[in-house]
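**Q** Have a look at the structure that comes next, please.
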């Protein structure tokens, strides 16, 4: 497993909102596309904002602590059909005849939840070595912003490289993505694509969601010019 840290919650033009996980001792970054609500929750914690009432990640950590378990780490361990899989590793002391023993517990989780809870619990985040070799991208920094190295980013040609920026106000981006955008007279195929987009987001298939958003945008622009 490779130790990583949350570099940023970033907006990749034409792709969506990505959680950028950078290896502690290297230059590779694993981008994982997440939903706008999850992005807002993680970004808020990174900024040191304290909610007036517990959010989902705070509640989850409270449950772990009150059930007398210890949160050990979060692991992102595989990608399958463009969906990343993660798990939380817990340790819980169990009573046995000769005393107590620590039992290892693994809880399946979405990467956004695993990372959000790990951040709040102050525990390490790890990425599987093979997964990082397969999906990790080379990034560099320019004026404080993270810029992808073109030939290694999302298997795109230099002309297709999207601009990437660390969102200063991720809430506004999230609001834009969640706001309904179907206008009067929109063609039925666009409506159908937006239904597919909603389904993809609910199923955490953000790679497909990003492509659907790009297709919808092109269709709507073509409609405006018609």
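Readers should treat all values here as calculations from the given coordinates under stated rules, not as data from a laboratory. Owing to the predicted nature of the structure, the values given are computational and were not obtained by experimental measurement. Because the Cβ atoms are built from the backbone with ideal geometry, glycine has one as well, and the counts that use them run over all protein chains shown.
**Q** Calculate the all-directions average of the projected area of segment 1-112's alpha-carbon convex hull, and give it in nm².
**A** 9.4 nm²
**Q** Follow-up. So what is the relative contact order of segment 1-64, in percent, for Cα pairs below 8 Å that sit 6 or more residues apart? Mind showing how you got there, number by number?
**A** On the way: 67 pairs, mean separation 14.5, N = 64.
Reported relative contact order: 23 percent.
**Q** Turning to a different aspect of this structure: Quick check on segment 1-60: what are the equivalent-ellipsoid semi-axes from the Cα gyration tensor, as sqrt(5λ), descending, whole Å?
**A** 22, 16, 9
**Q** Related question: In nm, to one decimal, how far is the modelled label at residue 221 from the one at residue 70, with both set 7 Å along Cα→Cβ?
**A** For the pair residue 221/residue 70, the computed spacing is 5.3 nm.
**Q** Follow-up question, since we're still on this one. Give me the base-10 log of I(q)/I(0) for segment 76-126 at each q in 0.17, 0.22, 0.32 Å⁻¹, Debye formula, one uniform scatterer per Cα, rounded to two decimals.
**A** Values returned for q = 0.17, 0.22, 0.32 Å⁻¹ are -0.60, -0.80, -1.19.
**Q** Moving on. Could you compute the FRET efficiency for residue 129 and residue 92, with r as their C-beta to C-beta distance and R0 at 45 Å, rounded to 0.05?
**A** Plugging the Cβ-Cβ distance into 1/(1 + (r/R0)^6) gives 0.95.
**Q** OK, next. May I ask you to compute the full-extension gain from residue 82 to residue 1, defined as 0.36 nm times their residue separation minus their alpha-carbon distance, rounded to one decimal in nm?
**A** Roughly 27.1 nm would be gained on extension.
**Q** Sticking with this one: Would you mind calculating the gained length between residue 37 and residue 24 on full extension (0.36 nm times residue separation, minus the Cα-Cα distance), in nm to one decimal?
**A** 2.0 nm
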